[in-house]
Amino acid sequence: MALTRRELLETGIGTVSVLSFSLLSFPGLEKLAKAAETETVAEIPVIWMATGSCSGCSVSLLNSTSPSIQEVLLGEVLPGKHVSLGFHATVMAAAGELAMDAVGKIAQEHKGQYVLVVDGGISVKDDELYCTVGEVDGRRVSAYELVRDLSRDALAVLATGACASFGGVPAAPPNPTACVGIGRRFKHEGIDTPYVNIPGCPPHPDWIVGTIATLLLGGLEALGLDELHRPAPFFRDTIHDNCSLRGHFDRGNFAQHFGEHGCLLKLGCKGPITFSDCGIRKWNGGTSWCCEAGHPCIGCCHPEFPFEQSLFAPVEPADLPFPAAYPSAVEGPPSKDVDTGTYVTLGLIGAGAFLAGVGVTAAATRLQAEEEPEVADPSPPEGTE
């Protein structure tokens, strides 16, 4: 059996301080832990491996609110199932030989039954010299080696964060340590263990806990993984689809400088090309999120993050009319860059599609073409991209 909740409290997670407060200092947790000793639940061992990372993903997980991280560790993430966090070097008290023994014990006793969470990019250059996670019998063990061996016998592997999913910041050009994401290493090593990418820098705690719970409840099929192995419930729509500033985009009201009110597209917002539900879920217990705080989406869930160009380089919205074709929301004469006929055409098309569907849209387009045969090209003015 993996570490019990009592062992967990005595030897690992329970002895660590999180923001200067022991987990047991929270009201009711000691009572919850004692009650758990008499329950019969299925223990799901979890090994959390931090490789080339900044620990931001771990900090994000510790900020989970519904459920809280205390409830995840001490309670049942699902009725009758408890997550037994057997190894997490960032927050556990054990270190050195004791910690490495814990990893080996779980892997041996729960072959094919444990969940491996990888946090950080995998460095493969110079015999994996740039990320050593421990020693076994006096021999250094690299993150790449340990993740590779643990992955083969895992029930599933969760690549948590942008770095573990796609390489992220450590893999940014010139990528001196040759960091890669889990998917690329699996393909190179011929590992066929199911894996799930949970991108983000850091990922939302709901994405981590929700993915684990869904995995235990209905298996990989319940996650509805897309072509990039991301769970559909969290990464189905783009940031742009549910952005609180979408109305400004539709009206053509764009912020030209940081601090101005309006759509942030021209300041480099990656919302139109980034799939994530940040705008609906928000952060810090549903308080706010990047764009609502006035900062463009940096696209941390995008496979190419952090991008070769500047994070603030504007992108053209995918499958959407370029914003320069919309009239300005500011009172005054129409812009000379775009012909008035363009505004009328786009207005008729948009109203028709919204009110009556494709048929009315087509009729409105024909009507406009008859009234104004010469319409300006709606493509963006040169230099706006």
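Structure values in brief
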quantity	calculated
Average projected area [Cα convex hull, segment 230-284], square nanometres	4.3 nm²
Unit Cα scatterers, Debye sum, segment 90-191: log10 I(q)/I(0) for q = 0.15, 0.16 Å⁻¹	-0.63, -0.72
Out-of-range pairs (alpha-carbon distance over 30 Å; input Lys81/Lys105; Lys111/Lys187; Lys81/Lys282; Lys81/Lys187)	Lys81/Lys187
FRET E, pair Glu308, Glu227, Förster distance 22 Å, beta-carbon r, rounded to 0.05	0.50
Rounded, prolate or oblate (a/c below 1.5 giving rounded, otherwise prolate when a/b exceeds b/c) for segment 102-158 by Cα gyration tensor	oblate
Distance histogram for segment 237-316 (every C-alpha pair counted, 10 angstrom bins, percent rounded to whole numbers)	20, 56, 24, 0
Taking Val315, Val209, Val157 and counting other C-beta atoms within 10 Å, the order from fewest to most	Val315, Val209, Val157
Per-peptide average of other Cβ atoms within 10 Å, ordering 158-169, 280-291 highest first	158-169, 280-291
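Taken together, the values in this text are just the output of simple stated rules run on the coordinates, not laboratory data. A quick note: this is a predicted structure, and the numbers were derived from the prediction, not measured. Note that we place each Cβ from the backbone using ideal geometry, even for glycine, and neighbour counts take in every protein chain shown.
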